[in-house]
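The next block holds one structure in the form of structure tokens; read it before the comments.
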Amino acid sequence: MTVFTRILGKIRTFWEGIRRISGDDAYERYLKQHADRHPAEPALSRAEFFKQWQDGKWKGVKRCC
Amino acid sequence: MNNLQKNILWVLVALVGASALGGIALNRGESVNALWFITAAVCMYALAYRFYAAWIAAKVLTLDETRATPAERFDNGRDFIPTNKWIVFGHHFAAIAGPGPLVGPTLAAQFGYLPGTLWILIGAVLGGCVQDMVTLFFSTRRDGRSLGQMARDELGPIGGAAALAGTLAIMVILIAVLGLVVVNAMKHSPWATSTVAATIPIAMLVGLYMRSIRPGRVLEGSMIGVILLLLAVMGGGWVDHNETLRGLFDHDGLPLAWAIIAYGFMAAILPVWLLLAPRDYLSTFMKMGTILLLAFAIVLLRPEVKMPALTQFIDGSGPIFGGALFPFVFITIACGAISGFHALIASGTTPKLLANERDIRMIGYGGMLLESFVAIMALVAATVLEPGVYFAINSPAGVVGKEATDAVAKISSWGFPVTVEQMQLLAQQMGEKTLFARTGGAPSLAVGMASIFGSAFGNSMLALWYHFAIMFEAVFILTTLDAGTRVGRFMLQDMLGNVWPKLGETSWMPSVILTSGAVVAAWGYFLYIGVIDPNGGVNILWPLFGIANQMLAAIALCVATGILVKSGKLKHAWITGLPLVWLLTVTTTAAYYKIMSTDVRVGFFAAANDMAAKLAAGVLPPEKAAVAPQLIFNQQLDAWLTLFFVTLLWVIVFDMLRVCCRHLAGKPVPPLSESPHMPSRLVEDYARD
């Protein structure tokens, strides 16, 4: 059982890593951070947040030869 | 493990690595197993990472894990975010690893397998990795500033301007040569052309999906895109067998080049979410997947390397590009050994994500080690081909002749036997009409990869594997093309904004169209010339790109050396000084040959004069005479461009030496721009993410 849960935990960590690195969980992280920092203001919608996040990502040198 | 066991382990790693490398280097006449390349590389990387990188981290840079990084100090949840080191490593590697380490080693294989292998290993461990690591460190200590800003702050305005001009120039050449690689892969190949064309609507569909249909679901969108791409590869085969459809996608180089130029312009002015961002997701997933698959297949299959250790072309008579082993192997392989472009990434997004300074060794040094490994695999994929086949695919028609019989006779006469039937069978297996004269590295790499994948996972799908490999290369070459055009546009807008502020507004459409058009016209020109050049264009463009990239690396190393000396670390300044001296030697020698050599395949002026003389004498066939004036102009332009690069390089070197000498003589110099020490509040082993 413990071995099984350990493997499951590893798979979960890996999956979370993939989501984190691809930006799939960016909105969830934003919501968490927003609740911590500006609890009074309403948070952006998922679509609105994604728009800003993606535009911000392509401002500098991001890809190389 | 106790200390003794650890020591024994490292001695073993050293012994295995040394014997693998010795075996590769001293072997003559027999084929070598590719596994030895992998073994030598892994052992060398492990030793360098464990000892050299650790020593630099502890003794030269003195990384301070108690010091707050810019990500912690400016944490804004957008660009500055303290991030887990594995995630940063992934971002950093995805950013630095482009098509460069695949193309360079493939072209350099014309010298044999040994020069490329040695330069990739030694260059990375002593040069490229060090450059990436110290640039990342210095930028982290300076609030994540860019290389150009650091050059201006630490050396002065001349250094800053040189870095900026160098970056813009390298971008133009890089995009042109990459465009040429794609054109040569698609030329008269309906399968490849239709597959590559299909990637554009697929990327747009994924963009729409992520933006409107299911906003922000990046993984879902990417998975759909990857599946569609794989279907597009198969669909290309169907197009190829359909008589009417295949005519639509069967084109000469020139119309394809125009299509790429038009595409580049569209990509630069369309919003990022529609084309650039989704294409980037697809290319990153394809890239990671294919690299893993290739590593897995090489280990599983352990193919024999058939290329000799050295070929006769080390004397400079090589068919793919002219020029002797020294200095041209060091120019041809930039990415994979040392690449100046990385300094832009290491001083761009990456330092803004670092949660702790101690991660710098793994991300800066380790990231480049992995890219170097990709280059080794590309070299293996090129050298497992029969040398005759390798040369038949890569030699331009201008060197070996247009007719298949002429080409095989010429290549066989060099001692690399190949027959027309063999090439026909191979082309047929790969689902192509011909594989002759597909200069640029992508097709021969694809044939190499297809034969490796084919033997590992079944030979029946060779054509699919070949076009999968072509699609994979094209997808991320086009990503680099889009992203590079965009960065070039931003830089140009930034510069023009100093003259007329309105032009500097990145969202003002007339400025966007004007600056995008200018950048596209610049690389489009070199791409156009490359396509009409009967010698394949790669012969001209790739060395130019190599010189530009090594020049940028030298600028980064100059900045780093200057900072080391100014911080009182003269004693250790050789860690960047040594690779700098080597790059200076290589780049200057290469530039000298490209400008002054009387060999028409090496010297730009020599080639221009030779062609002018032939044109005047009327000995050129009419189709060559028609384009000759343009080629002559281009050769002269390239010579001046080379001169510009090398002058820029020496300007910044003297600027660095001037600052160092003044500092050592106790005279005033621009002060160190390091931000003050602030203790980190992030607890040990805990990054808030």
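Bear in mind these aren't lab numbers, they're just calculated from the coordinates by the rules spelled out. Quick caveat, the model's predicted, so the values are computed rather than measured. Note: ideal-geometry Cβ built from the backbone for every residue, glycine included; neighbour counts use all protein chains shown.
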Item to check | Inter-label distance, nm, simple model (7 Å from Cα along the C-beta direction), B:PHE654/B:LEU245 | outcome: 6.2
Item to check | Cα-based shape type of the range B:1-100, given that a ≥ b ≥ c are square roots of the gyration tensor eigenvalues and the cut on a/c is 1.5 | outcome: oblate
Item to check | Full-extension gain in nm, B:ILE122 to B:GLN428, via 0.36 nm per residue minus C-alpha separation | outcome: 106.2 nm
Item to check | Point-to-point label distance, B:VAL16-B:LEU300, nm (Cα→Cβ direction, 7 Å offset) | outcome: 2.2
Checklist outcome for this item: For peptide B:213-221, the mean count of other chain Cβ atoms within 10 Å per residue Cβ is 6
Next on the checklist: Suppose the chain between B:ILE213 and B:ALA613 were pulled fully straight at 0.36 nm per residue; how much longer would it get relative to their current alpha carbon spacing?
Outcome noted: 137.8 nm
Checklist entry - Distance in nm between label sites at B:SER507 and B:MET596, each 7 Å beyond Cα in the beta-carbon direction? => result 5.4
Item to check | Dipole magnitude (debye, nearest 20) for the protein assembly as shown, charges at Cβ of Lys, Arg, Asp, Glu | outcome: 1580
Item to check | 15 Å beta-carbon shell around B:ALA382, net charge (K/R +1, D/E -1) | outcome: -1
Next on the checklist: At 222 nm, what value in deg cm²/dmol follows for chain B if DSSP H runs of at least 4 each add -39500 (n - 2.57) and the sum is divided by all its residues, to the nearest 500?
Outcome noted: -22500 deg cm²/dmol
Item to check | Prolate/oblate/rounded call for the protein assembly as shown, Cα gyration tensor, a/c under 1.5 rounded | outcome: rounded
Next on the checklist: Residue by residue through the range B:559-568, what is 3J(HN,Hα) from phi via Karplus (6.51 cos²θ - 1.76 cosθ + 1.60, θ = phi - 60°)? Round to whole Hz and write x for glycine and proline.
Outcome noted: 4, 5, 4, x, 5, 4, 5, 5, 8, x
Next on the checklist: Given an 8 Å cut-off on Cα distances and at least 6 residues of separation, report the relative contact order of the range B:539-681 as a percent.
Outcome noted: 28
Checklist entry - Which shape class applies to the range B:414-507: rounded if a/c is under 1.5, otherwise prolate when a/b exceeds b/c and oblate if not, where a ≥ b ≥ c are the square roots of the Cα gyration tensor eigenvalues? => result prolate
Next on the checklist: With just the Cα atoms defining each centre, how far is the range B:240-254 from the range B:117-189? Give it in Å.
Outcome noted: 38
Checklist entry - Please state the relative contact order of the range B:1-104 as a whole percent: Cα pairs under 8 Å, 6+ residues apart? => result 17
Item to check | Most positive-pole-ward Cα, B:PHE265, B:MET449, B:ILE470, against dipole of chain B from beta carbon charges | outcome: B:PHE265
Next on the checklist: Under 10 °C and 1.306 mPa s, how fast does the range B:134-287 diffuse according to Stokes-Einstein, given a Kirkwood radius computed over C-alpha pairs? Answer in µm²/s, whole number.
Outcome noted: 87
Checklist entry - Which lysines, on any chain, are close to B:LYS287 with Cα under 18 Å apart, when same-chain ones fewer than 8 places away are left out? => result A:LYS62
Checklist entry - From the cross-link list B:LYS566/B:LYS667; B:LYS402/B:LYS614; A:LYS10/B:LYS6; A:LYS10/A:LYS57, which pairs have alpha carbons spaced over 23 Å apart? => result A:LYS10/B:LYS6; A:LYS10/A:LYS57
Checklist outcome for this item: Restricting to Cα pairs under 8 Å and 6 or more apart, the percent relative contact order of chain B works out to 25
